[in-house]
Amino acid sequence: MTDVSEKKHHEVELLAINQKLSIQSKELQRSNEELEQFAFIASHDLQEPLRMISSFMDQLKRKYSDRLDEKGLQYIHFATDGAKRMKQIILDLLLYSRANKQTDQNELINLNEIVSEYNQLRRKFIAEKKAAIIFDGLPSIETHRAPLTQIFHCLLVNALKYVEKNKQPRIEISDIEKENVWQFAIKDNGIGIDPQFYDKIFIIFQRLQNKKENDGNGIGLAIAKRSIEFLGGEIWVESEKDKGSTFYFTILKIKQLK
Ligand code: ADP
């Protein structure tokens, strides 16, 4: 008797959990759709008036600059600069909203190639910084190319960027194969992150440095996190101030996604 009623009790509990999960997943889908809609509005409705501001500021400068004093010209410069930054924010938001959308099919991707492509793309920056990016025998994994590339690019650019001036960046990329996931680590010898900010850095538009010290909008890690979650993984950081940071992330093996 007790056995049966306990089983029933578990079944009822399981049903309740399932229902809760289904509500949460609908809620997530709804908020994703809202974000998509926002991205659409941002791309069309906001970009157009912004283009108008920029182009009239250009005209003002071109046609009336001889009649304006230095202060007047400086105001135009501030307005143009503000419009430029706003454009970048809109483009970043669009990128963020698309970071959990499937754009390509699964394919077998050699990660050594992804990192080599990055090295090639940023060769000037890497040479200037005399940076060493160390990786060897990374695996080939079956997944989506676009988000995977984005993840590596976001994490590598930060590892190169957040290093004391005059210090040569040294970045090590390694992997561990686990039962259901691939786990990667990107270790740098940079400025490090205070543990109280470990969560904050993954939130959109949150930065620890001010604009003067380092350019950026505070969107890279938010995009990386969204892309990683799209691939069924997680991201976290371990760091020591002034010694360096290691960003860990997992990618769910594709058979698990099916
Ligand atoms: P951005 O680089 O544009 O500011 P991110 O979202 O990529 O935006 O990073 C958010 C913040 O996290 C950065 O402003 C920086 O303060 C911190 N951060 C990211 N990566 C590192 C790193 N490898 N070492 C130290 N700090 C980092």
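Taking the range 218-254 as the search range and keeping residues that are under 22 Å from ASP92 (Cα atoms), of a type in the set (A, V, I, L, M) and not in a helix (DSSP H, G or I), which one is farthest from the ligand (Cβ to nearest atom)? Top of the filtered list is LEU231.
Identify, from the list ILE114, ILE151, ILE109, ILE186, the residue that is farther than 21 Å from THR246 by Cα and touching a helix residue (DSSP H, G or I) at 6+ places or on another chain (Cβ under 6 Å). Sole residue among the options that is farther than 21 Å from THR246 by Cα and touching a helix residue (DSSP H, G or I) at 6+ places or on another chain (Cβ under 6 Å): ILE109. Here GLU48 passes the criteria (1) under 30 Å from the mean Cα position of the chain (by Cα); (2) in contact (Cβ under 8 Å) with a residue 12 or more places away in the chain except the one numbered (2).
Checked against (1) without any contact (Cβ under 8 Å) to a residue 12 or more places away in the chain; (2) more than 13 Å from the ligand (Cβ to nearest atom), PHE197 passes all but a single condition, namely (2).
Residues in the range 110-132 that are crowded, with 17+ Cβ neighbours inside 10 Å and under 20 Å from the mean Cα position of the chain (by Cα): LEU111, ILE114, VAL115, TYR118, ARG122.
Sort out which residues of the range 170-186 are charged (D, E, K, R) and touching a residue at least 12 places away in the same chain (Cβ under 8 Å), and write them in order of number. Scanning the range 170-186 gives ARG170, GLU172, ASP175, GLU177, LYS178.
Identification of strands (runs of 3 or more DSSP E) wholly contained in the range 126-210 with 3 or more residues that are β-branched (Val, Ile, Thr) yields 170-177. Restricting to the range 152-169, name every residue that is out of contact with any strand residue (DSSP E or B) (no Cβ under 8 Å at 6 or more places or on another chain), without any contact (Cβ under 8 Å) to a residue 40 or more places away in the chain and near the ligand (Cβ under 10 Å from one of its atoms). The answer is VAL163, and nothing else.
No lab work stands behind these numbers, since they all come straight from the coordinates. Just so it is clear, the model here is predicted, and its values are computed rather than measured. So basically every Cβ, Gly included, is an ideal-geometry build from the backbone, and we count neighbours across all protein chains shown.
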